[in-house]
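Undergrad: Before anything else, here's the structure in question.
The values are calculated or read from the model by the stated rules, or taken from the named source; none is laboratory data. Note that the structure is a prediction, hence the values are computed from the model and not measured. Here the Cβ is made from the backbone with ideal geometry for all residues, glycine too, and neighbour counts use every protein chain on show. Surface accessibility is based on the protein's heavy atoms, side chains included, excluding ligands, DNA and RNA. Shrake-Rupley method; radii C 1.70, N 1.55, O 1.52, S 1.80 Å.
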Amino acid sequence: MSCAAAPLMLLYWDMRRICWMLLTVVFTSACLAFAQAAIPVVSQASPAHLAPARSTPQAAPVQARILGWSTTSELLSSAAKSESNIVVEAGRAELVFFFAASPAVEGTVFRYRLDDYDADWTETRGTLAHYRRLPPGSYRFEVQARSPQSGWSSPEAVLHVEQKPFFYQTWYAYVLIGVIVLVIAAQLLRQHDQLLKGQMGVIMEERNRIASDCHDTLMAGLAAVSWQLEATAKLFRSESGEQGAAASACELARSMAAHCQAEARRIIWDLRNATTITTSLSEALTEALGAHRQPEGISTMVEVHGSEIPIAPGAVHHLVCIGQEAVSNAIRHSGSSLIHVDLRYESGSLCLSVRDNGQGFQPYDATARTGHFGISVMEERARKLGGQFRLNSAASSGTEVTVTVSFNKIHQPSGQQQVVPWIGL
């Protein structure tokens with residue numbers, strides 16, 4: 001080859017190399033364009049999708065773990081082993097829970113609560129929770145952990161707690177105390193009843209003694225005085241049978257003695273009969289009238305009209321005495337065959353009437369009332385009750401005694417004790 005052709009050959013080979021390089025660049029550009037059209041574009045903000053092997057691995061989540069609990073100190077070395085359930089005996093003033101994070105990460109934050117005791121979670125960077133003087137009951141201790149950059153997404157560690165009560169805090173202690181209180185109350189009530197029965201027994205014994213003494217002495221003395229006056233009156237009578245002033249005075253004195261005998265007999269009956277101390281007027285009146293010895297051919301009838309209202313025992317006593325006196329007068333003097341006792345309860349007053357079908361008399365005739373004090377005594381008793389006393393009688397038309405008392409004036413005296421029916425006396 002000539003020297004002139006050598007540069008031409010070199011130029012040829014250079015041009016050929018440049019053409020191959022251009023072809024290579026064009027082919028590579030075409031391949032890249034085709035690849036970009038076929039593969040979706042990946043955001044540059046997520047390089048991990050393009051090269052996952054080069055991304056930084058994430059840290060494992062932090063979990064809380066309960067290490068133990070103690071009732072004596074806040075040192076982990078004295079903590080008891082954590083169990084699913086713990087029982088705290090009564091009298092333990094403190095309860096400490098120990099917990100930690102797994103795995104241990106610097107700056108871990110804990111939060112804990114005692115369910116049914118704490119109102120909300122308590123956050124801390126410490127590793128223990130302290131409670132003092134828990135009330136008796138069942139609780140659940142919960143604790144949770146998180147790293148400084150994460151949220152509360154880890155599961156909770158749970159420990160069940162039962163705080164035992166003292167004996168006096170148990171339900172059977174309350175039942176026992178209630179039974180003891182009931183027994184003591186029943187015993188006190190029984191002693192009170194026995195004391196009341198004893199007091200009433202002493203009172204009744206004294207009443208019977210007074211009644212016996214009055215019957216043996218006073219009644220016998222009055223009977224002797226009456227007999228003596230009757231004998232003296234006979235001595236003062238003239239041979240012709242006419243009654244002088246002295247005989248009339250003796251007869252008056254004998255009538256007074258007889259009236260005193262009747263009153264004393266009624267008082268003795270009241271002392272012996274404790275059931276008359278009652279607030280039921282109809283019962284007391286029926287029983288008192290039943291004690292009378294009625295002659296043959298005379299009947300006594302008691303009727304009650306209206307709803308009976310309890311009244312004071314003192315008022316019952318006075319009204320019963322008025323009824324007894326009226327019935328006694330009708331039996332002794334009227335010559336009747338029927339005595340009707342009417343007890344009427346009205347809206348504001350009480351009316352007691354005793355009516356007979358006897359011969360009657362003139363109420364204002366002084367000669368008819370000489371030596372008789374029953375009417376004046378009945379008037380006095382009605383006046384003590386604040387009531388109105390009326391006597392209606394006429395010859396051959398019978399006699400009616402009426403007492404009307406307002407309920408406003410029949411009141412229970414303050415501090416007066418009444419006999420209770422269930423005492424048993």
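Undergrad: Can you tell me which aspartates and glutamates have their Cα less than 19 Å from the Cα of residue 234? Leave out same-chain residues fewer than eight positions away.
TA: Within the straight-line limit of under 19 Å, residue 234 reaches these aspartates and glutamates: 242, 251.
Undergrad: For labels at residue 17 and residue 263 in the simple 7 Å Cα→Cβ model, what's the distance in nm?
TA: 17.0
Undergrad: Which whole-Hz couplings ³J(HN,Hα) result when phi for each residue of the stretch 89-100 is put into the Karplus expression 6.51 cos²θ - 1.76 cosθ + 1.60, θ = phi - 60°, listed in order with x for Gly and Pro?
TA: 5, 5, x, 7, 7, 10, 9, 10, 10, 10, 8, 8
Undergrad: So what's the Cα pair-distance distribution over the stretch 164-235, bin width 5 Å, in %?
TA: 3, 13, 8, 9, 7, 8, 7, 6, 6, 5, 5, 4, 4, 3, 3, 2, 2, 2, 1, 0, 0
Undergrad: Residue 390 to residue 344: extension gain in nm, 0.36 nm per residue of separation minus the Cα-Cα distance? Let's see the in-between values first.
TA: Numbers: separation 46, 0.36 × 46 = 16.56 nm, distance 1.54 nm.
Difference between extended and current length: 15.0 nm.
Undergrad: Once the whole set of protein chains is in place, how much accessible area is left on residue 172, using a 1.4 Å probe, in Å² to the nearest 10?
TA: Here the accessible area works out near 110 Å².
Undergrad: In what sequence, largest accessible area first, do 347, 353, 337 appear using a 1.4 Å probe?
TA: Details: 347 125, 353 10, 337 60 Å².
Per-residue accessible area, sorted high to low, gives 347, 337, 353.
Undergrad: Would you calculate the separation in nanometres between label points at residue 188 and residue 152, each defined as 7 Å from the Cα along the Cα-to-beta-carbon direction?
TA: Taking the two extended label points, one gets 5.4 nm.
Undergrad: Something else about it: Rg and Dmax in Å for the stretch 96-215, alpha carbons only: what are they?
TA: 33.4, 112
Undergrad: Let me ask something else about it. Can you tell me the FRET efficiency between residue 170 and residue 197 if r is taken as the Cβ-Cβ distance and R0 is 35 Å, rounded to the nearest 0.05? Intermediate values should be presented prior to the final figure.
TA: Numbers: r = 40 Å, r/R0 = 1.15.
Efficiency for this residue pair is about 0.30.
Undergrad: Which aspartates and glutamates, if any, have their Cα less than 17 Å from the Cα of residue 409, not counting same-chain residues under 8 positions apart?
TA: Partners found: 308, 346, 379, 380.
Undergrad: Can you return the lysines within cross-link range of residue 197? Criterion is Cα-Cα under 22 Å, with same-chain partners fewer than 8 residues away left out.
TA: Filter leaves no residues.
Undergrad: Whole number please: convex hull volume per residue of the Cα set in the stretch 81-122, in Å³?
TA: On the way: hull volume 5.1 nm³, N = 42.
That works out to 121 Å³ per residue.
Undergrad: Please work out the FRET efficiency for the pair residue 408 and residue 116, using the Cβ-Cβ distance as r and a Förster radius of 51 Å; give the result to the nearest 0.05. Don't skip to the answer; put the middle values down first.
TA: Working: r = 64 Å, r/R0 = 1.26.
Efficiency at R0 = 51 Å is approximately 0.20.
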